[in-house]
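Engineer: Mind looking over this structure? Questions follow.
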Amino acid sequence: MTSQNLASLIEQRKKELNAVILAHFYQPPEIQDLADFVGDSLQLAIQAANTDADVIVFCGVHFMAESAKILNPEKTVLLPVLQAGCPMADMITGEQLRKWKSEHPGYAVVTYVNSSAEVKAESDICCTSANALNVVRSLPAEQPVLFVPDRNLGTWIMNQTGRDMELWPGCCPIHDQLTAEEVKEQIRRYPESIVVVHPEVPPSVAALADAVRSTAGMLKYVQESSAREFIIGTEEGFFHTLKKHCPDKVFHLARTEFLCEDMKKINLEILAQALERQEHQIEVPEDVRQRAAQSLQRMLAIAP
Ligand code: 13P
Ligand code: SF4
């Protein structure tokens, strides 16, 4: 079947089911192009919380679809490829967090949304890379904090807020690979460029950047900047969005390969099949869901 035929099939099935297609910025171009909404983790969580659709088809990774289900227990949430996970989210379990909490009585737990429902259920409040600073600043100054699971995002928050936090030693294996040497090399090659990176990169890289932003924050920064050329430190799928919104600007990847394979497991055929078969339905045990929903709702109550 041609891409055009697949796209009309998806459109038709979407109408029949009253479904909405949400896609992350790292998704393949053909998926971004037919999604109803493309955004970063925070924007997608907000869309999921506010949609009128009966079915949410999440083109992203497992924790994103799970968050949509946590916020919409009465809706059907589909993740077209069940194996599309996030290695960082797997770096801490609910059991490990319970143990860490028991060793730190009186600490508040701030959890990056790149985590499982069980981990969110053990947390006080969630954050994304877009609202992390405001989430941490919303806690009383004297409140000690445990931050999970991304040590790079945690370090960036500590540097920005001047706050001391205990960090779980997790990371995004994709962003964590970026080295200061690679970025310096790109700066040598493209000296006119502005360097914009995601806070999941190591602190030595964040220190070299002109701006550290979530993906939606990067897009806004680039759109508002008078500069023409940028070195971008995040997953390469984001280039599709950048080029679409800023066709006159020039973008260079911060390293030769910047690929999250989990974000690329989907294609039009798989999406059409997911809508046809209504698979794979995400479920979260109700007791876990209710506690995880509280952490997400507290986050959504805070402005980005
Ligand atoms: P955003 O919060 O910018 O969407 O990025 C998080 C990420 O890495 C998605 O997995
Ligand atoms: Fe997870 Fe990193 Fe992939 Fe984002 S880019 S889904 S944090 S592995």
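Any read-out appearing in this document is the output of simple, stated calculations on the displayed coordinates, not a laboratory observation. Just so it is clear, the model here is predicted, and its values are computed rather than measured. We place every Cβ from the backbone using ideal geometry, glycine too, and count neighbours over all the protein chains shown.
Engineer: Is the C-alpha gyration tensor of region 1-56 telling us rounded, prolate or oblate? Criteria: a/c under 1.5 is rounded; beyond that, a/b larger than b/c is prolate, otherwise oblate.
Structural biologist: In terms of gyration-tensor shape, oblate.
Engineer: Something else: Rounded to the nearest 0.05, what FRET efficiency do residue 223 and residue 257 give with R0 = 30 Å and r taken as the Cβ-Cβ distance? Could you check?
Structural biologist: After rounding, the FRET efficiency stands at 0.70.
Engineer: So if each residue of separation counts as 0.36 nm, and I subtract the Cα-Cα distance between residue 82 and residue 15, what length gain in nm does that give?
Structural biologist: My answer for the length gained is 21.8 nm.
Engineer: Further question on the same structure: State whether region 151-304 is rounded, prolate or oblate according to the following rule on the C-alpha gyration tensor (a ≥ b ≥ c being the square roots of its eigenvalues): a/c under 1.5 gives rounded; otherwise a/b larger than b/c gives prolate, and the remaining case gives oblate.
Structural biologist: Since a/c reaches 1.5 but b/c is at least a/b, the shape of region 151-304 is classed as oblate.
Engineer: Give the percent of DSSP beta bridges with both residues in the chain that are antiparallel, rounded to the nearest 5.
Structural biologist: That works out to approximately 5 percent antiparallel.
Engineer: Taking neighbour counts of Cβ atoms within 10 Å as a proxy for exposure, in what order, fewest first, do 289, 277 appear?
Structural biologist: Ordered from fewest to most neighbouring Cβ atoms within 10 Å, 289, 277 come out as 277, 289.
Engineer: Which order do peptides 72-80, 132-140, 59-67 fall in by mean Cβ count within 10 Å, highest first?
Structural biologist: 59-67, 72-80, 132-140
Engineer: If you build a Gaussian network model of the chain, linking Cα atoms that sit under 10 Å apart, which residue out of 213, 151, 98 swings the most?
Structural biologist: Of 213, 151, 98, the Gaussian network model singles out 98 as fluctuating most.
Engineer: Ok, one more. Which helices of the chain meet both criteria: a Cα extent of 24 Å or more along the helical axis and a mean Kyte-Doolittle score no lower than 1.0, with helices taken as whole DSSP H segments?
Structural biologist: Helix filter hits for the chain: none.
Engineer: A follow-up question, please. Could you tell me what fraction of 2.2 N^0.38 Å the Cα radius of gyration of region 246-302 comes to, as a two-decimal ratio?
Structural biologist: 1.83
Engineer: Still on this structure, I have one more. Using a basic spin-label model with each label point 7 Å from the Cα along Cα→Cβ, how many nm lie between residue 190 and residue 164?
Structural biologist: Label at residue 190, label at residue 164, 4.1 nm between them.
Engineer: Most fluctuating residue of 203, 28, 169 in a GNM of the chain with Cα springs under 10 Å: which is it?
Structural biologist: Evaluated over the chain, the most mobile residue of the options is 169.
Engineer: If you don't mind, there's one more thing I want to ask. So, counting K/R as plus one and D/E as minus one, what does the shell of residues with Cβ under 12 Å around residue 201 add up to?
Structural biologist: After counting each charged neighbour, the total is -2.
Engineer: State the extension gain, in nm to one decimal, for the chain segment bounded by residue 5 and residue 142, taking 0.36 nm per residue of separation less the distance between their alpha-carbons.
Structural biologist: So the chain would gain 43.5 nm between residue 5 and residue 142.
Engineer: Rounded to the nearest 500, what is the 222 nm mean residue ellipticity of the chain from helices alone, with -39500 (n - 2.57) per DSSP H run of 4+ residues and division by all residues?
Structural biologist: Counting only the DSSP helices, I get -12000 deg cm²/dmol.
Engineer: Highest GNM mean-square fluctuation, the chain, Cα pairs closer than 10 Å: which of 127, 246, 172?
Structural biologist: Most flexible of the set in this elastic network: 246.
Engineer: Hey, rough spin-label estimate for residue 298 and residue 93, points 7 angstrom out along Cα→Cβ, what's it come to in nanometres?
Structural biologist: 2.4 nm
Engineer: Which ordering of 54, 176 is given by a fewest-first count of other beta-carbon atoms within 10 Å?
Structural biologist: Listing 54, 176 from fewest to most nearby Cβ atoms yields 54, 176.
Engineer: For the pair residue 30/residue 74, report the inter-label distance in nm, with labels modelled 7 Å from Cα in the Cβ direction.
Structural biologist: The modelled label-to-label distance comes out at 3.7 nm.
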